[in-house]
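**Q** The following block contains the structure, expressed as structure tokens.
Just so it is clear, none of the values below were taken in a lab; they were calculated from the coordinates. Computed from a prediction, not measured in an experiment: that's the story for all the values here. Glycine gets a Cβ as well: all are built from the backbone with ideal geometry, and neighbour counts include every protein chain shown.
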Amino acid sequence: MSRYSLKPLPHRSDLFEVAVGWDAGLDTYFVMAFGGPDAAREPAIRLWRGTSLRDITSSEGLLAIARPLAEIPDDLAAKLHLDRLAAPHNPEAAICRLITDLLAPPFPTRR
């Protein structure tokens with residue numbers, strides 16, 4: 001898994017961080033936008049994409065979501081692509097099998 005912290009755009013004063021990266025377990029890129037603390041003093045999650053299997057399949061798609069929120073370094077798409085190549089989704093890995101089992105719909109019960 002990789003994670004990059006991005007600076008929110010100046011007009012997005014409601015955000016203090018935008019995080020993007022690659023999640024090999026879910027075979028997806030992800031983006032999270034954090035606002036100020038909530039009642040429990042935890043950062044409020046304003047946006048979270050890439051939470052399901054193959055939700056965001058390209059770095060370009062990821063950056064299209066992040067671009068209205070944060071400053072995007074010129075080399076970020078290339079870094080994200082290299083992260084995916086360095087840590088590809090492996091359906092045989094124990095963590096991937098666990099995630100697949102957790103996300104699989106339950107078998108219907110017979111009566």
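**Q** Suppose a student asked you for the relative contact order of the range 1-60, using Cα pairs under 8 Å spaced at least 6 residues apart; what percent would you report?
**A** The value is 27 percent.
**Q** Here's a follow-up. Springs between alpha-carbon pairs under 10 angstrom, Gaussian network model over the chain: which of His81, His11, His89 fluctuates most?
**A** Of His81, His11, His89, the most mobile in the Gaussian network model is His11.
**Q** Work out from phi, with θ = phi - 60° and the Karplus expression 6.51 cos²θ - 1.76 cosθ + 1.60, the ³J(HN,Hα) of each residue of the range 55-62, listed in order in whole Hz, and give x for Gly and Pro.
**A** Each residue of the range 55-62 in turn: 5, 10, 9, 9, 5, 5, x, 4 Hz.
**Q** Per the Cauchy relation, a quarter of the hull surface: what is the mean projected area of the convex hull of the alpha carbons in the chain, in nm²?
**A** About 9.6 nm², averaged over all directions.
**Q** Run lengths n ≥ 4 of DSSP H only: what is the helix-derived mean residue ellipticity at 222 nm for the chain, with -39500 (n - 2.57) per run over all residues, to the nearest 500?
**A** The per-residue figure over the chain is -7500 deg cm²/dmol.
**Q** Summing Lys, Arg as +1 and Asp, Glu as -1, what charge do residues with Cβ under 13 Å from the Cβ of Phe16 carry, Phe16 excluded?
**A** Within the 13 Å Cβ shell, the charges total -1.
**Q** Around Ser52, with a cut-off of 11 angstrom between Cβ atoms, what is the net charge of the other residues, counting Lys and Arg +1 and Asp and Glu -1?
**A** Taking every Cβ under 11 Å from that of Ser52, the sum is -1.
**Q** With angles folded into 0 to 90 degrees, how steeply does helix 94-103 sit against the dominant principal axis of the chain? Use alpha carbons for both and round to 10.
**A** The answer is roughly 90 degrees.
**Q** 5 Å is the cut-off here: which amide hydrogens, built 1.01 Å from N in the peptide plane, fall below it relative to Ile72, excluding neighbours closer than 5 in sequence?
**A** Those lying under 5 Å, H to H, from Ile72: there are none.
**Q** What's the magnitude of the charge dipole for the range 4-103 around its Cα centre, counting Lys and Arg as +1 and Asp and Glu as -1 at the beta-carbon? Answer in Debye, nearest 20.
**A** With Lys and Arg at +1 and Asp and Glu at -1, about 140 debye.
**Q** Can I ask one more? Cut-off 10 angstrom, C-alpha nodes, Gaussian network model of the chain. Which of Pro37, Pro68, Pro88 fluctuates the most?
**A** Pro37
**Q** Would you tally the net charge around Leu69, using a Cβ to Cβ cut-off of less than 14 Å, leaving Leu69 out, and scoring K and R as +1, D and E as -1?
**A** +2
**Q** Pick from Gly36, Gly50, Gly21: which is most flexible by mean-square fluctuation in a GNM of the chain where alpha carbon atoms under 10 Å apart are linked?
**A** Result: Gly36 has the largest fluctuation of those listed.
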